[in-house]
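Just so you know, all these numbers are worked out from the coordinates, no wet-lab data involved. None of the values given here were measured: they were computed from a predicted structure. Cβ coordinates were reconstructed from backbone atoms using ideal geometry, including for glycine residues, and neighbour counts include every protein chain displayed.
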Amino acid sequence: MTSYPLLIFSAAGCEVLYKKALQDGKSPLIKQQRCKTFVGSGTLRSLETAGVICRPRRARAARRTRSMAKILIIDDSPADIRFMTEALRPTGHAVVSISDPLEAEAIVERERPDLALLDVVMPQRNGYETLRALKKLPAAAGLKIVIVSSKSAETDVKWGMRQGAADYLAKPYTPEQVAALVARHI
């Protein structure tokens, strides 16, 4: 029998499951406003017939994969890379860092990160140029790029977003801000 993980967001849905458990001679443990359960296809059909609001639950494997994201830090400052890496350590994500923005395309091709944290003020090539170069790269099609910069004027933020950044984090920042930013984008 196939079972379907569901989150049921209505009292009526929980009531239907409660009654079904009683009919099947099972212990009715599902009497609450919001219930999490696994149901078979027959129960799923009866829930849908009863007009219950059901939403498929994410499988645990998907959450586990989500916590194993790879994050690329592109910053010319070793101190900033170290701080960002330490801020990301509790999140459980793999961190790759580079200090030369000219290496960004090769690293993205090789590492395939899920998220890039990109400084703006760097020698040889600034963050905006690096962002535009990465956006053209086929290997970076699903890559979200967040600008992390001391340039925090409204015009800088708007310009970064216009270049294709997913978000903008102004320096100085706290480890909590970094963790929240990563959780928002991964």
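A few comments on the model shown:
- In region 121-141, the residues that are in contact (Cβ under 8 Å) with a residue 12 or more places away in the chain form Cβ pairs under 9 Å with partners that are assigned to a loop (DSSP other than H, G, I, E, B) and hydroxyl-bearing (Ser, Thr, Tyr), at six or more places apart or across chains, as follows: 121/150; 122/77; 122/99.
- Taking residues in region 175-186 that are crowded, with 16+ Cβ neighbours inside 10 Å, and partners anywhere that are small (Gly, Ala, Ser) and part of a helix (DSSP H, G or I), the pairs with Cβ atoms closer than 6 Å and at least 6 places apart or on different chains are 178/87.
- Test result for residue 99, touching an Asp or Glu at 6+ places or on another chain (Cβ under 9 Å) and polar (S, T, N, Q): yes
- Screening the candidates 165, 116, 140 for the property of being buried (at least 16 other Cβ atoms within 10 Å of the Cβ), within 16 Å of residue 73 (Cβ to Cβ) and out of contact with any strand residue (DSSP E or B) (no Cβ under 7 Å at 6 or more places or on another chain) yields one hit, 140.
- Residues in region 94-113 that are of a type outside the set (A, V, I, L, M, F, W, C) and buried (at least 20 other Cβ atoms within 10 Å of the Cβ): 2 in all.
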